[in-house]
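As structure tokens, the structure follows; a few thoughts come after it.
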Ligand SMILES: C[S@@+](CC[C@H](N)C(=O)[O-])C[C@H]1O[C@@H](n2cnc3c(N)ncnc32)[C@H](O)[C@@H]1O
């Protein structure tokens, strides 16, 4: 079984559905707001956010998880070393506790 550097089992996250978090985020930010998702994993929250009309820049240090993300701009980087070299409207979303 493959795991991310912080110990997340990739196959498990592929099977886990979102549990209402994307709708909570969607309800808290302007319609269509761009989302910067830090520690996106396999896209468990990315894909529903896209379906709710948000563009998403999906960041993760694991190339293996990012390979499962569809429809978002993906950036393979550690959060503390992220260099997007641009500014713009975005709402940052961090993954659940356990990420470093
Ligand atoms: C617990 S998983 C959650 C994934 C996703 N947010 C979700 O809810 O399904 C944490 C993810 O954050 C990533 N991650 C943890 N620390 C990171 C860091 N410092 N920089 C980039 N990615 C990180 C891991 O590779 C993993 O994919």
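Side notes on the structure shown:
- Whichever residue in the stretch 39-54 is more than 24 Å from residue 3 (Cβ to Cβ) and in contact with a strand residue (DSSP E or B) (Cβ under 7 Å, 6 or more places away or on another chain) and, among such residues, is nearest to the ligand (Cβ to nearest atom): 49
- Residue in the stretch 27-38 that is part of a strand (DSSP E or B) and within 10 Å of the ligand (Cβ to nearest atom) present: yes
Residue-by-condition table, conditions (1) at pLDDT 95 or above; (2) farther than 13 Å from residue 52 by Cα:
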residue	(1), (2)
1	no, yes
6	no, yes
11	yes, yes
14	yes, yes
25	no, no
28	no, no
35	no, no
40	yes, yes
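- Any chance residue 36 is surrounded by 13 or more Cβ atoms within 10 Å (Cβ to Cβ), over 12 Å from the mean Cα position of the chain (by Cα) and in contact (Cβ under 8 Å) with a residue 12 or more places away in the chain: no
- Residues within the stretch 65-81 that are touching a strand residue (DSSP E or B) at 6+ places or on another chain (Cβ under 9 Å) and assigned to a helix (DSSP H, G or I), tallied: 2
The values are calculated or read from the model by the stated rules, or taken from the named source; none is laboratory data. Keep in mind it's a predicted model, so treat the numbers as computed, not measured. Using ideal geometry, Cβ is built from the backbone for each residue, glycine included, and neighbour counts are taken over all protein chains shown.
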